[in-house]
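**Student:** Below are the structure tokens for one structure; questions will follow.
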Amino acid sequence: MAYAYLYTTEKEGNPFYKDEKIFNIILKGVQALRDFQYPDGQFEFIKTDGSKWGPIYMPWTFYHWLETYEIMKNYLPDNVRGDWETGLMPAFISFSQRDNNYLHNIPLWNSMSLHRAGIIFNNDNWKKHADVLFQKAVEEQHPDGYWEEHGGPTVTYNYVYIHAMGLYRFHGGSIDVTEALRKSAMFHQAFTYPDGSTVETIDGRVKYRKVEKRYSTTGLTGLLATSAGISYIYSLLNLFSKDRISLPHTTSLLIMLDNILDNSNVDFIDNFAGYANFTNESLELIHGKGSIIRKANRQVVLSSYTVPLCDSRWALDRQSFISIWDKNSGLILGSGNSKYQPGHSSFVICGKDGNVISYTPLSARHLSLGEVELLYYGARCTIKARIDDSGAILITYGAQKAEDFLSWYINIPLKPQFNNSVAEIKEYKQDDKNVVEFSGIYLSFQEDYKITAPSFPFNPYAKDGSSSIEEAAAVLTIYPKKDSISIKIV
């Protein structure tokens, strides 16, 4: 799609306009898709680890191929154009025959693609069928600006939803999705770290990944709908890699911008400002069941999202409820949830024999900005965090046990550098305090502890569940003797 845009767009500084080499690359690229298709037109679903998950009409592939067709159709030889149509049609026929009552990120992209195909191939029934799911998406969006997956938000996949919503709106969809995009803009303004990384603390599916330079533009088509979203995009511009970019999604964004600017279509942008942007130096905010405190080049995020344990590999256990980001070191505490691993839980409640009886809370709520209450089987627990003017952070973990024989401990996932799988951490005593030092960060506390490093969380995207060293943490486990313990971070 990116090559098609460059081939057909006559603009200053574009050396690829009507370049025969680019034309041949486009033909060979689509021929590779045709060669990869099964007889019924589906593709094999291959994950990033190379594992195969079966045939699918993958909407991202078919949508961007469809747009490439629309851009290039008048340049193609008749036999090539016919072959492309033969490859495309089975997917859209399949999408049009499905019950459009199941809302999820892939079905929404199916519907957005079907709506666009209805425009290109002049099929009003396809557009009407697609409208059904977009109406459902508007109605079922959570008031806090996200679409639930497994009972709660996933910040990363929310971009996938709003990308489809933005393209549907741009293509003239009859369902008004503007209010949904306003809410989503606020959601992402709240849950983005100052370096542009996605906040993982409230995410029930995806873990933290440090972004040295951003390359994904997923979601920006939806953010382009509002002034809040444009402010968000503007803040991201300096964070993008100049060497790597998500070409098809970026091409969609460029096509939208061309249309807005060339046609002076200022009415396309809704004048909704939302929150202060994620790059602002200070912020104190509770949004839904997440709170953000940003001060003195640091940010603390607390979550009170809970859901029951679920056997689906895509639903991580909501077990880790705090993260801390530092301007110089990036994420220093946190990294997200895992699955069936109590050793990654903020609190673990144990019985007489020391066996785990609870590691995910039954319910939770914010007591105030920077303080959450977590109700476990056997204990009422709290996490309270604050940042002082110097940037020092004090975290207090507390537990009120239902029975004296119960015990509890806490797990704090730290994010040091790993050198050949060895965590670059120093441990020593200073007066009566234990000190853990890494990446210029110092944690001090009392009580017995241990560090497990590296500790690898479950990765749903690898068939065997294995994760990389980038996803690993050094888990600091502390065994309090009293009903609370405080950790100071400088």
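Quick note: the coordinates plus some simple rules give every number you see, no bench work behind them. Here the structure is a predicted model, which is why all the values come from computation and not from measurement. We place every Cβ from the backbone using ideal geometry, glycine too, and count neighbours over all the protein chains shown.
**Student:** Can you put M186, M112 in order, fewest other beta carbons within 10 Å first?
**Tutor:** Starting with the residue having the fewest Cβ neighbours, the order is M186, M112.
**Student:** Kindly identify region 283-489 as rounded, prolate or oblate by the Cα gyration tensor criterion: order the square roots of the eigenvalues as a ≥ b ≥ c, call it rounded if a/c is under 1.5, otherwise compare a/b with b/c, prolate if a/b is larger, else oblate.
**Tutor:** Rounded is the answer for region 283-489, as its axis ratio a/c remains below 1.5.
**Student:** Label points 7 Å out from Cα along the Cβ direction at Y38 and Y442: separation in nm?
**Tutor:** It works out to 6.0 nm between the two label points.
**Student:** Could you run the Karplus curve 6.51 cos²θ - 1.76 cosθ + 1.60 with θ = phi - 60° over region 469-485 and give me ³J(HN,Hα) per residue in whole Hz, x for Gly and Pro?
**Tutor:** Once θ is set to phi - 60°, the couplings for region 469-485 become 5, 5, 8, 6, 10, 9, 8, 8, 9, 10, 10, x, 9, 10, 8, 7, 8 Hz.
**Student:** Here is a follow-up. Between D243 and N79, what is the label-point separation in nm under the 7 Å Cα-to-beta-carbon projection?
**Tutor:** 4.2 nm
**Student:** So what does log10 I(q)/I(0) come out to for region 2-268 at q = 0.17 Å⁻¹, using the Debye formula with one equal point on every Cα and no solvent?
**Tutor:** The computed values of log10 I(q)/I(0) come out as -1.58.
**Student:** Still on this model: Where the convex hull is taken over the Cα atoms of region 290-352, what is its projected area averaged over directions, in nm²?
**Tutor:** The orientation-averaged projected area of the Cα hull of region 290-352 comes to 5.7 nm².
**Student:** Here's another thing I want to ask about it. Please sort 449-455, 12-18 by packing, taking for each peptide the average over its residues of neighbouring beta carbons within 10 angstrom, highest first.
**Tutor:** By packing density, highest mean first, the sequence is 449-455, 12-18.
**Student:** Can you give the three extents of the C-alpha atoms in the chain along their principal axes, from longest to shortest, in whole Å?
**Tutor:** Principal extents (Cα only, largest first): 80, 44, 43 Å.
**Student:** Per residue, what volume in Å³ does the convex hull of the Cα atoms of region 357-479 enclose?
**Tutor:** 155 Å³
**Student:** Which value in Å does the Kirkwood hydrodynamic radius of region 21-130 take, with 1/r averaged over all unlike C-alpha pairs and then inverted?
**Tutor:** 14.6 Å
**Student:** A further question on this structure: Name the residue from P143, S111, S246 whose Cα lies farthest towards the positive end of the charge dipole of region 2-268, charges +1 on Cβ of Lys and Arg and -1 on Cβ of Asp and Glu.
**Tutor:** Working it through, the farthest residue towards the positive pole turns out to be S246.
**Student:** Still on this structure: Please give the Cα centre distance for region 230-295 versus region 1-62, rounded to the nearest Å.
**Tutor:** 27 Å
**Student:** A further question on this structure: Within the set of other residues whose C-beta is less than 14 Å from the C-beta of E179, count the net charge using Lys and Arg as +1 and Asp and Glu as -1.
**Tutor:** Cβ neighbours under 14 Å give a net charge of -2.
**Student:** Given H placed 1.01 Å from N in the peptide plane, which residues other than close sequence neighbours of S320 have an amide H under 5 Å from its amide H?
**Tutor:** S346
**Student:** Here's another thing I want to ask about it. Please report Y63, Y305, Y442 as a ranked list, fewest other C-beta atoms within 10 angstrom at the top and most at the bottom.
**Tutor:** Least to most surrounded, the residues fall as Y442, Y305, Y63.
**Student:** Under 13 Å from the Cβ of Y75, count the other residues' Cβ atoms, weight Lys and Arg +1, Asp and Glu -1, and hand me the total.
**Tutor:** -1
**Student:** Among Q31, M165, N297, flag the residue with its Cα farthest along the positive direction of the charge dipole of the chain, charges on Cβ as +1 for Lys/Arg and -1 for Asp/Glu.
**Tutor:** Projecting each Cα onto the dipole axis, the largest value belongs to N297.
**Student:** Simple spin-label model, 7 Å along Cα-to-Cβ: I469 to D483 in nm?
**Tutor:** 4.5 nm
**Student:** Please rank R209, R244, fewest neighbouring Cβ atoms within 10 Å first, as an exposure proxy.
**Tutor:** Lowest to highest Cβ neighbour count: R244, R209.
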